[in-house]
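Each remark here refers to the structure printed beneath this line.
The values are calculated or read from the model by the stated rules, or taken from the named source; none is laboratory data. Nothing here was measured: the structure is a model prediction, and the numbers come from that model. Please note: Cβ atoms are built from the backbone with ideal geometry, for glycine as well, and neighbour counts cover all protein chains shown.
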């Protein structure tokens with residue numbers, strides 16, 4: 001029903017007509033998750049098709065049998081420089097770095113970690129800082145394990161350190177902070193050296209405070225500049241806080257998303273603690289997959305060369321997102337978006353109170369977007385303004401069409417306010 | 001130094017001389033762990049050498065990408081009859097069933113499981129029953145997670161159910177029992193239908209009592225009789241205790257020890273609870289390995305056929321153990337041993353107070369045996385009489401030589417008493 005007030009609003013009519021046309025087109029497109037596309041996975045086809053005839057590791061280990069809890073050394077050697085962790089402090093494990101993060105939190109809840117007075121399950125409260133916008137799965141695992149989340153604003157250089165320093169200095173219940181230090185999920189931020197230094201050196205009320213440094217996009221560049229970040233583990237160690245940092249990474253977005261290898265790096269004390277529990281949990285990771293990966297990637301330069309092939313596939317998709325957004329919203333107040341230099345996401349910021357409506361409109365038109373709020377703990381974006389776009393999985397043409405559709409939805413939501 | 005009392009004991013002289021000869025032989029042999037031999041792993045060479053060119057599952061899933069938390073259906077279909085779990089209640093996951101058991105205990109500690117009043121971490125005490133002799137890694141993970149272990153004697157038909165029933169009926173802190181129902185580790189017991197029925201139907205003071213049914217050797221027969229056990233999940237369900245049972249299994253001793261696939265089966269409520277946590281922990285198992293396994297094993301008959309090849313390799317090794325023991329100790333009071341009809345172990349029972357000494361003597365002679373006591377919680381066999389022998393990993397000639405050496409050590413320990 002058209003209300004009298006609407007009669008004098010041709011912009012609303014246009015927006016409604018465009019949306020009606022969008023719905024009529026009957027799309028079925030998905031920009032929800034940061035998944036590699038089929039073409040990206042094809043880059044690692046050799047992992048699945050090259051016979052692993054010689055199944056011995058460099059040190060003679062039969063990779064088919066039990067054992068080898070720390071993971072294959074030749075693979076750890078490749079990723080030690082990539083993840084800025086000394087090889088002897090780097091563990092290679094299963095197919096999921098999320099699993100290593102979960103296990104680390106769960107282990108800290110159930111066994112006393114270095115520097116801790118109690119296991120965290122026996123603490124009154126356990127709180128992690130959640131820079132927002134952030135990665136929904138970091139938050140979800142904490143929620144499931146009963147770890148409270150307190151939000152901290154992100155800046156272009158990383159979390160707002162004035163806020164972080166004040167919080168951690170004052171509250172011993174704050175035991176950790178989630179960090180995606182390079183090409184952050186979802187806003188593409190690159191932590192400045194100053195932010196890393198402050199994280200590594202700040203005073204914390206909790207003696208067992210930990211930085212969960214999820215370097216998920218260490219080599220996932222979208223531009224010619226292969227950005228570097230500070231070596232937070234070294235900085236913390238120099239500052240006398242060697243046990244403060246857990247570094248995580250994986251090849252999920254390098255080789256095969258579901259069949260890659262994950263990594264955990266930390267101080268010797270942390271690694272010993274972690275392995276002491278892991279040794280009761282598992283008889284070791286799948287070393288055949290480690291060996292396949294080591295042979296396929298060869299060395300850190302091999303990783304870089306491989307990532308350039310990914311960039312060739314996904315850079316045009318990010319360019320399509322940028323193109324649609326800048327053509328449609330360059331002059332729209334309240335609408336802005338990140339221009340990531342790497343990683344897997346674009347953050348679209350819309351006027352307060354419209355994100356949920358935009359995602360709903362898109363869904364009705366057959367375009368799946370990550371639910372509004374998923375970039376925040378408990379799924380609640382208090383300003384309802386953050387939308388995460390993930391353009392890697394669909395083919396380029398679909399990204400373009402989906403983004404044109406998103407633009408229609410944004411415009412309708414704005415004029416309908 | 002020969003004491004006067006020894007002068008009249010030529011048996012002691014003989015035993016000492018035999019042991020001196022054994023040491024002089026400078027052996028380096030290992031009967032410690034239940035690991036498949038290289039020849040057994042070779043049986044699954046195709047898993048590593050056949051190209052996985054078509055990486056699509058039967059339902060079209062791209063096995064290379066994220067997702068698929070329950071595991072590949074075609075693989076679950078193969079193992080549903082093997083593990084006696086309806087396919088929709090069977091999860092296929094990573095390379096380690098131990099990991100699934102650990103996660104299940106850890107999850108129960110950290111989140112409220114079906115039927116539980118609290119998460120176990122908030123209980124005063126959490127106790128599991130440990131039938132002894134039993135599997136050291138079951139016990140070790142409980143010890144690490146703060147779960148107390150109370151021993152229950154094993155019989156040839158499974159745990160002594162009179163003892164079990166009395167304990168679980170009287171103490172709500174008793175939350176679980178470890179069971180290896182077929183070809184039990186280490187004594188080779190096969191649970192009788194009656195034992196399974198009593199486990200499934202008994203009254204427990206804890207509403208959230210669980211049977212950890214580690215069917216590790218479901219198809220690992222050593223004789224022509226492929227023994228069957230009762231379907232404990234069905235029995236419990238019929239008795240109104242559907243949530244009582246967690247079934248575990250893996251292909252570690254079917255395909256590749258370090259690169260196989262593990263399984264968890266349970267009631268729908270338990271599976272939903274387990275997946276709700278697993279979905280926060282992981283983005284899914286390595287489905288490429290699931291697909292390789294499904295294509296390699298084909299169906300439950302394919303599994304059986306494959307296991308007959310294992311039997312050809314390992315049955316002679318078990319025969320060698322039996323041969324040495326029966327030749328040396330058929331008439332020795334206090335010495336007995338299991339005659340397993342499947343599985344990976346022989347339990348050698350020696351006179352009280354001699355197991356540790358025998359293991360020590362063997363070690364000094366270059367023969368590694370599993371530490372005495374490892375078949376019991378906290379590494380303490382109160383009678384010091386149980387030695388677990390694992391003959392699968394060494395080649396046949398080594399098994400024979402190692403067992404001849406073990407016989408020398410047993411004899412010396414006995415005459416030295």
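Scanning the range A:261-270 for residues that are crowded, with 23+ Cβ neighbours inside 10 Å and either assigned to a loop (DSSP other than H, G, I, E, B) or out of contact with any helix residue (DSSP H, G or I) (no Cβ under 9 Å at 6 or more places or on another chain) (or both) yields a single hit, A:261.
For residue B:121, are the conditions met, namely being facing chain A (nearest Cβ under 9 Å) and over 22 Å from the mean Cα position of the chain (by Cα)?
Numbers: facing chain A (nearest Cβ under 9 Å): yes; over 22 Å from the mean Cα position of the chain (by Cα): yes.
In short, yes.
Screening residue B:381 on (1) on the phi > 0 side of the Ramachandran plot; (2) not in a helix (DSSP H, G or I) shows it passes everything except condition (1). Per the listing A:255, A:223, the residue uniquely farther than 30 Å from residue A:52 by Cβ and either within 14 Å of another protein chain (Cβ to nearest Cβ) or outside any helix (DSSP H, G or I) (or both) is A:223. Residue B:341 fails exactly one of the following numbered conditions: (1) within 22 Å of residue B:36 (Cα to Cα); (2) touching a helix residue (DSSP H, G or I) at 6+ places or on another chain (Cβ under 7 Å). What is the number of that condition? Every condition holds for residue B:341 apart from (2).
Determine whether residue A:218 is touching a helix residue (DSSP H, G or I) at 6+ places or on another chain (Cβ under 6 Å) and buried (at least 22 other Cβ atoms within 10 Å of the Cβ). Outline the logic, then answer.
Numbers: touching a helix residue (DSSP H, G or I) at 6+ places or on another chain (Cβ under 6 Å): yes; buried (at least 22 other Cβ atoms within 10 Å of the Cβ): yes.
Yes, satisfied.
Could you go through the range B:66-81 and let me know if any residue there is touching a helix residue (DSSP H, G or I) at 6+ places or on another chain (Cβ under 9 Å), part of a loop (DSSP other than H, G, I, E, B), facing another protein chain (nearest Cβ under 7 Å) and surrounded by 18 or more Cβ atoms within 10 Å (Cβ to Cβ). No: zero hits. For the range A:278-314, the set of residues classified as within 14 Å of chain B (Cβ to nearest Cβ), assigned to a helix (DSSP H, G or I) and within 21 Å of residue A:58 (Cβ to Cβ) consists of A:287, A:288, A:289, A:290, A:291, A:292, A:293, A:295, A:296, listed by residue number. All of B:180, B:152, B:147 fail the test of being out of contact with any helix residue (DSSP H, G or I) (no Cβ under 6 Å at 6 or more places or on another chain) and either free of Cβ contacts under 8 Å to residues at least 24 places away in the same chain or closer than 30 Å to residue A:112 by Cα (or both), apart from B:147. Scanning the range A:277-289 for residues that are out of contact with any strand residue (DSSP E or B) (no Cβ under 9 Å at 6 or more places or on another chain) and touching a residue at least 24 places away in the same chain (Cβ under 8 Å) yields A:277, A:279, A:281, A:282, A:283, A:284, A:286, A:288, A:289. Checking each residue in the range B:226-252 for being more than 30 Å from residue B:321 (Cβ to Cβ) and in a loop (DSSP other than H, G, I, E, B) picks out B:231, B:239, B:240, B:241. In this structure, residue B:26 does not satisfy being within 14 Å of chain A (Cβ to nearest Cβ) and assigned to a loop (DSSP other than H, G, I, E, B). The residue list B:9, B:33 contains one member that is within 14 Å of another protein chain (Cβ to nearest Cβ), at pLDDT below 95 and surrounded by 13 or more Cβ atoms within 10 Å (Cβ to Cβ), which is B:33.
Taken residue by residue, the range B:38-61 has no member that is out of contact with any helix residue (DSSP H, G or I) (no Cβ under 8 Å at 6 or more places or on another chain), assigned to a loop (DSSP other than H, G, I, E, B) and crowded, with 16+ Cβ neighbours inside 10 Å. If I filter the range B:187-205 for residues that are surrounded by 19 or more Cβ atoms within 10 Å (Cβ to Cβ) and at positive phi, do I get at least one hit? Yes, some residue in the range B:187-205 is surrounded by 19 or more Cβ atoms within 10 Å (Cβ to Cβ) and at positive phi. Entry remark, the range B:82-107: residues being within 8 Å of another protein chain (Cβ to nearest Cβ), free of Cβ contacts under 8 Å to residues at least 60 places away in the same chain and over 17 Å from the mean Cα position of the chain (by Cα) number 1 in total. As a summary of the residue check, residue A:59 satisfies the conditions (1) more than 31 Å from the chain's Cα centre (by Cα); (2) within 14 Å of chain B (Cβ to nearest Cβ) except for the one numbered (2).
Restricting the range A:356-372 to residues that are out of contact with any strand residue (DSSP E or B) (no Cβ under 8 Å at 6 or more places or on another chain) and surrounded by fewer than 19 Cβ atoms within 10 Å (Cβ to Cβ) leaves a set whose member that is nearest to residue A:144 (Cα to Cα) is A:371. Residue by residue through the range A:265-277, note down the ones that are at the interface with another protein chain (Cβ under 9 Å from one of its Cβ atoms) and closer than 18 Å to residue A:248 by Cβ. Hit for the range A:265-277 is A:277, nothing else. Within the range A:306-313, identify whether any single residue is more than 26 Å from residue A:229 (Cβ to Cβ) and over 19 Å from the mean Cα position of the chain (by Cα), and answer yes or no. No, that holds for no residue.
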